[in-house]
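Here the structure is laid out as structure tokens; the discussion comes afterwards.
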Amino acid sequence: MISSFVITGFLGVGKTTLLTNSVQHYFPDKKIAVIVNEFGDIGIDSKILTNVYSEVLEISEGCICCQLSEEFEKGVMEIIANYSPELIFVETSGASEPFPIYMSLQNLGVGVEGVICVVDAKHFSSYKENSTAKYQLGGSNIIVLNKSDLVNDSEALAVENEIREIKNKYNIKNMMTGKPIFNNYLIHRAQHGLVAKEVFDGVYQLEDVLKLAEDYTHHDHTSKDALSQKVVYLKSNILFADVDSVLQDLPQSIYRAKGIVKVKDVPEAIVVNYAFGDVTFDELKDYEGKSLLIFIGENIEHEVENLCEKFDILSLPRFSLKG
Ligand SMILES: Nc1nc2c(ncn2[C@@H]2O[C@H](COP(=O)(O)OP(=O)(O)OP(=O)(O)O)[C@@H](O)[C@H]2O)c(=O)[nH]1
Ligand SMILES: [Mg+2]
């Protein structure tokens with residue numbers, strides 16, 4: 001049986017970092033497929049993962065939490081047929097819940113060894129009220145308190161206590177028995193996603209929850225904390241400082257920005273990674289694609305339009321990405 005891990009967690013918490021660092025560190029000899037379930041046809045993360053087979057399965061726009069199965073399952077079947085992986089890692093979109101993905105893997109006969117929820121130790125309080133974030137915790141059985149380098153021990157402990165509270169309240173339960181489907185969960189601390197090896201030891205084997213599938217109903221998210229994404233293109237002929245000034249000025253409702261940008265004063269393209277006010281830049285060699293940024297947050301349509309008006313270097317695509 002092919003094994004898998006599902007990696008969930010809110011926007012920008014370090015899911016891809018956990019994949020690239022931990023997974024490649026612990027599984028150098030295994031045939032691994034990494035599947036990133038992402039918005040749109042952009043696949044920024046897949047450009048960064050180079051050592052393993054990786055593929056981005058596109059999520060259509062709309063309610064991402066509802067993007068159950070069909071396309072995802074078809075994509076996974078193709079990957080299994082073409083590549084025969086021993087182990088599959090699925091990174092779910094930071095704006096969606098893990099359970100539908102979990103069910104899809106089960107349906108395909110892929111064993112789910114664990115659902116890992118990555119938590120941002122530093123920025124947890126900025127996003128913990130979001131209902132998607134709560135259901136991500138509720139639907140996982142391995143919790144990784146990442147970015148622990150950015151907090152002290154008492155701050156980390158405080159976040160761990162909050163996680164336990166949310167976990168108790170939002171644990172998904174089997175509708176028939178009323179019992180939580182995950183008997184147990186553990187919290188591991190990590191820096192840059194490098195977790196203890198035991199996280200992947202397969203000791204987590206989940207209860208068989210196929211019965212639950214019949215009863216699973218999508219949680220009704222209020223529009224208050226609905227997450228949306230917008231893509232903007234960047235003009236050519238811009239400087240690094242221009243990009244930096246946009247990122248310095250993002251409104252709080254934009255939690256996450258990522259993209260690949262080309263600027264005049266740096267020879268290679270730059271991967272931009274912005275999460276809750278913190279930003280990192282990495283060079284990406286031989287990138288020939290468009291220069292773009294994706295903004296993700298709560299009801300951000302207007303904010304992004306304002307940004308485009310304010311910063312001449314940004315422009316909205318004339319056609320939707322799907323169109
Ligand atoms: N200081 C610090 N930064 C981290 C750590 N882990 C990840 N980061 C940074 O956080 C940013 C987001 O990391 P990603 O791994 O792309 O996050 P993600 O959860 O995959 O993001 P999405 O897929 O967009 O939801 C990047 O700039 C990382 O370098 C960590 O442990 N410590
Ligand atoms: Mg990612």
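Based on C-alpha pairs under 8 angstrom that are at least 6 apart in sequence, the range 226-315 has a relative contact order of 41 percent. Calculated accessible area for the range 226-315 comes out at 48 Å² per residue, all protein chains present (probe 1.4 Å; ligands, DNA, RNA ignored). For the range 219-294, the fraction of 1.4 Å probe accessible surface lying on carbon and sulfur atoms is 47 percent.
Relative to the current alpha-carbon distance between L186 and Q24, full extension at 0.36 nm per residue lengthens the span by 56.1 nm. Legend: residue pairs K147/K197; K147/K258; K134/K197; K173/K230; K15/K235; K30/K230, Cα-Cα distance threshold 28 Å; pairs beyond threshold, K173/K230; K15/K235; K30/K230. Per residue, the solvent-accessible area of the range 72-174 (1.4 Å probe, heavy atoms of protein chains only, all protein chains present) comes to 33 Å². Nonpolar atom fraction for the range 72-127, defined as the carbon and sulfur part of the 1.4 Å probe accessible area, stands at 46 percent.
The values are calculated or read from the model by the stated rules, or taken from the named source; none is laboratory data. Bear in mind the structure is a predicted one, so any value in this text is a computation, not a measurement. For the accessible areas, the whole protein counts, side chains as well, though only heavy atoms, and no ligand, DNA or RNA atoms are used. Shrake-Rupley method; radii C 1.70, N 1.55, O 1.52, S 1.80 Å.
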